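Right, one structure below, let's go through it.
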Amino acid sequence: MGSAFFPIGFALFIIIVVMLFFSFVPVGLWITAFFSGVKISMSTLIGMRLRRVAPSRLVNPMIKATKAGLVIRINELEAHYLAGGNVNTLVDALIAAQRANIPLEFERAAAIDLAGRNVLEAVQVSVNPKVIETPQIAAVAKDGIEVVVKARVTVRANIERLVGGAGEETIIARVGEGIVTTVGSSDSHKDVLENPDRISKTVLDKGLDSGTAFEILSIDIADVDVGRNIGATLQMDQAEADKKIAEAKAEERRAMAVAKEQEMKAEVQAMRAKVVESEAEVPLALASALKSGNLGVMDYYNMRNILADTDMRSSISKMTEDDKKQK
């Protein structure tokens, strides 16, 4: 009974071993590469498995490169893959550059890809220039009128400067700076409206693509609009500020006048108090004069009569004035 199960168990063991062999060793991929003209050994494919590299990720791009006539070693592709690069995109970029007669070496293409840039897109932009549209840029001419400009920048990728070169944001920022400078140096906003190509010429002469990953081919003004009268607005704001300053100074002068008036009133009251004080001393002086004999009784009564007569005359004069006012 045991001898009957031995052949079956041995056969199952052989089948499992064969299945593990074919699952670990990419025989089908090796056959595909062999008939595609790619010379790669079985040991190399097994080594990829041991290094946890998917052989298909390298062999298929290698087949594509070989069919395109490129000379690339499998070790270069594996090193680029282990470094975190996109092997398939790299090979597509090399093929596109070869077809477009653009000199692009493997090392430079690998550096561009590892730098985080899309090397295939860079080659495509190098062949087919790209149009970058700037946002609406507001600038003010010397006459105080705001001009809103929108431009389209046609650029071509510079393969030599892709590594370390500035991107599209820098191009847009520099073009915006050039537009603001050109409009700001214009005597009137009408000059900008009449000759919008002046902006393009001035901006192009500044060499804005220096240090960037692109080469500026042209700058076209897509739209020019007249905005607000910034000069008039600033003058109005200044006038309003001057008005508030004048009002504040007037209020300060009014407060000082009120304070001065209060001081004068207080001084008048003080003088009146002195008068009352002096008047209070008059009876004392009269009593003293009568007592000392310097003033007689008749003299005192005469003085009183004179004062009464004066008061009567004052009353009559006041009544006469009131009658005249009523008439």
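If you go through the range 282-299 and keep only what is surrounded by fewer than 10 Cβ atoms within 10 Å (Cβ to Cβ) and in a helix (DSSP H, G or I), you end up with Val282, Pro283, Leu284, Lys291, Ser292, Val297, Met298. Comparison of Val192, Val163, Val180 shows that the only residue that is at pLDDT below 75 and open to solvent by 50 Å² or more (accessible area, probe 1.4 Å) is Val163. All of Leu45, Leu70, Leu120 fail the test of being hydrophobic (A, V, I, L, M, F, W, C), open to solvent by 30 Å² or more (accessible area, probe 1.4 Å) and more than 24 Å from Gly167 (Cβ to Cβ), apart from Leu70. Filtering the range 84-119 to residues that are of a type in the set (Asp, Glu) and touching a residue at least 24 places away in the same chain (Cβ under 8 Å) leaves Asp92, Asp113. Being modelled with pLDDT of 85 or more, within 20 Å of Met62 (Cα to Cα) and surrounded by 16 or more Cβ atoms within 10 Å (Cβ to Cβ) holds for only one residue in Leu90, Leu104, and it is Leu90. Pairing each residue of the range 129-148 that is more than 16 Å from Asp209 (Cα to Cα) and of a type in the set (Lys, Arg) with any residue that is open to solvent by 20 Å² or more (accessible area, probe 1.4 Å) and in a loop (DSSP other than H, G, I, E, B), provided the two are 6+ apart or on different chains, yields C-beta distances under 6 Å for Lys142/Asp187. For the condition surrounded by 15 or more Cβ atoms within 10 Å (Cβ to Cβ), at pLDDT 75 or above and over 22 Å from Ser126 (Cα atoms), what is the one hit in Ile172, Ile199? Of Ile172, Ile199, the one residue that is surrounded by 15 or more Cβ atoms within 10 Å (Cβ to Cβ), at pLDDT 75 or above and over 22 Å from Ser126 (Cα atoms) is Ile199. The residue list Glu277, Glu263 contains one member that is under 60 Å from the mean Cα position of the chain (by Cα) and either in a helix (DSSP H, G or I) or of a type in the set (Val, Ile, Thr) (or both), which is Glu263.
The values are calculated or read from the model by the stated rules, or taken from the named source; none is laboratory data. What you are looking at is a predicted structure, and each value in this text was computed from that prediction instead of being measured. Glycine gets a Cβ as well: all are built from the backbone with ideal geometry, and neighbour counts include every protein chain shown. Heavy atoms of the whole protein, side chains included, go into the accessibility calculation; ligands, DNA and RNA do not. Shrake-Rupley method; radii C 1.70, N 1.55, O 1.52, S 1.80 Å.
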